[in-house]
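K.L.:
Structure in structure tokens, see below.
The values are calculated or read from the model by the stated rules, or taken from the named source; none is laboratory data. Only a predicted model underlies this, so the values are computations on that prediction, with no experimental measurement involved. For neighbour counting, all protein chains shown are included, and Cβ atoms are generated from backbone atoms with ideal geometry for every residue, glycine included. These area figures cover heavy atoms from the full protein model, side chains too; ligands, DNA and RNA do not enter into them. Shrake-Rupley method; radii C 1.70, N 1.55, O 1.52, S 1.80 Å.
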Amino acid sequence: MFLLIDKTWDGVPIAPDEIARVELIAGPAGITVSVDAPYHGDPPPPGPPGSTDGLWKHEVVEIFLLGRSDAYLEVEMGPHGHHLVLKLRGARNVVRRGLPLRYHARIEGRRWRGVAAIPRALLPDGLDRDNAYAIHGAGPSRRHLAAHPVPGPRPDFHRLDAFGPLRFEVE
């Protein structure tokens, strides 16, 4: 299954060279997520690659996987090998943060690629909706992009009602 991050957070189409692609592959152990995104050259977060609080303040691609009872998983992945995994129940209500993730990324010229293995144990029960976002830039040139747009006066990636249907089942 593929998610194309091909519009701004509020639904305006973006240029082809800004589109990010997220592939989700379900298997018995969980979900493998592959990111292929433009590299915008934003500075990396401080600290070594690995779990990084505040990663959303940097260049990042995020996926959100929603299940029953508004339980969802947020997985943030950056081009420099940083990641952040959050379990939430209800919009923005974090119940666990900094969960371990096998993740690696590499920058290849003007693009970056990352691969994460999300264990089945982290996935919410009744997984059936998703969304993906890309963020890059700083100040007034900061860009918030989405696979499924979110309504409202500003980007709010925790608008669970704006998520799209997940098009596969985890075995």
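K.L.:
Measuring from centroid to centroid over Cα atoms, what is the spacing of the range 122-154 and the range 37-78 in Å?
P.N.:
Centre-to-centre distance over Cα atoms comes out at 10 Å.
K.L.:
Related question: Considering amide H positions built from the backbone, and no H for Pro or chain starts, which residues 5 or more places from His82, or on another chain, come under 5 Å of its amide H?
P.N.:
Here Gly50 satisfy the definition.
K.L.:
Also, quick follow-up: Here are some values of percent of Cα pairs over 25 Å apart: [x] 28; [y] 33; [z] 24. Which one was computed from this structure?
P.N.:
Recomputing percent of Cα pairs over 25 Å apart here picks out [z].
K.L.:
Provide the FRET efficiency to the nearest 0.05 for the Asn93-Asp128 pair, computing r from the beta carbons and using R0 = 22 Å.
P.N.:
Using R0 = 22 Å, I get an efficiency of 0.70.
K.L.:
Got the relative contact order for the chain handy, in percent, Cα pairs under 8 Å and 6 or more residues apart?
P.N.:
Computed value for the chain: 28 percent relative contact order.
K.L.:
Loop-only check: which trypsin sites (Lys or Arg not before Pro) in the range 93-171 are DSSP coil with at most 10 other Cβ within 10 angstrom?
P.N.:
For trypsin sites (Lys or Arg not before Pro) across the range 93-171 that sit outside H, G, I, E and B with at most 10 neighbouring Cβ atoms in 10 Å, the list reads Arg110.
K.L.:
Over the chain, give the accessible area per residue in Å² for a 1.4 Å probe, as an integer.
P.N.:
On a per-residue basis, 48 Å².
K.L.:
Now a separate question. Looking at the range 19-95, what % of its DSSP beta bridges pair antiparallel, to the nearest 5?
P.N.:
90 percent
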